[in-house]
1. At a 1.4 Å probe radius, carbon and sulfur cover how many percent of the accessible area of the chain?
2. In Å², and per residue, what accessible area does the chain have when probed at 1.4 Å with the other protein chains present?
3. Provide the solvent-accessible area of Ile50, counting protein heavy atoms only and rolling a 1.4 Å probe, rounded to the nearest 10 Å².
4. Take the alpha-carbon centre of region 73-97, take the same for region 9-36, and report the distance between them in whole Å.
5. With an 8 Å cut-off on Cα pairs and a minimum separation of 6 or more residues, tell me the relative contact order of the chain in percent.
6. Give the whole-number value, in cubic angstrom per residue, of the convex hull volume spanned by the C-alpha atoms of region 1-50.
7. Over all distinct alpha-carbon pairs, what is the Kirkwood Rh of the chain in angstrom?
8. Near Val77, within a Cβ-to-Cβ distance under 15 Å, what is the net charge of the other residues, with Lys and Arg +1 and Asp and Glu -1?
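The values are calculated or read from the model by the stated rules, or taken from the named source; none is laboratory data. A quick note: this is a predicted structure, and the numbers were derived from the prediction, not measured. Here the Cβ positions follow ideal geometry from the backbone for every residue, glycine too, while neighbour counts run over all protein chains shown. Ligands, DNA and RNA are stripped out before the accessible areas are found, and what is left, the full protein with its side chains, is counted by its heavy atoms. Shrake-Rupley method; radii C 1.70, N 1.55, O 1.52, S 1.80 Å.
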Amino acid sequence: VQLQACGGGLVQAGGSLRLSCVASGIKLSPWIVGWYRQAPGAQREMVASISGGANTLYADSVKGRSTIGIDTSQNMVWLQMNSLKPEDTAVYYCNARPATYLPGYWGQGTQVTVSS
């Protein structure tokens, strides 16, 4: 199983980015798929997740500014982030797990840097 994340970069505050994570070896849509982030010196935190291909959950810090979705044709999970803030700066990781109590699989991370 491999999760390949991409789409990070440097963006000014107020800008947008779309992260993508393509999976191989599993079919994403039935799984719990999420984006997490880890800023320097901080713990990894959940940003957004989607289960059963449709049920979404967002961290309060990104609610209203971010949208998560699954593209079943490409077996990919994406995260659209708008109105980015400097505090969104972190390494973003995708994760796929068959159940909440299992660790699942992690992508390699993609850096998002938001300048003020």
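1. Whole-percent figure for carbon plus sulfur exposure: 50.
2. For the chain, the solvent-accessible area averages 51 Å² per residue.
3. 10
4. Rounded to whole Å, the Cα centres lie 4 Å apart.
5. 36
6. Dividing the Cα hull volume of region 1-50 by its residue count gives 109 Å³.
7. 13.9
8. Its environment carries a net charge of +3.
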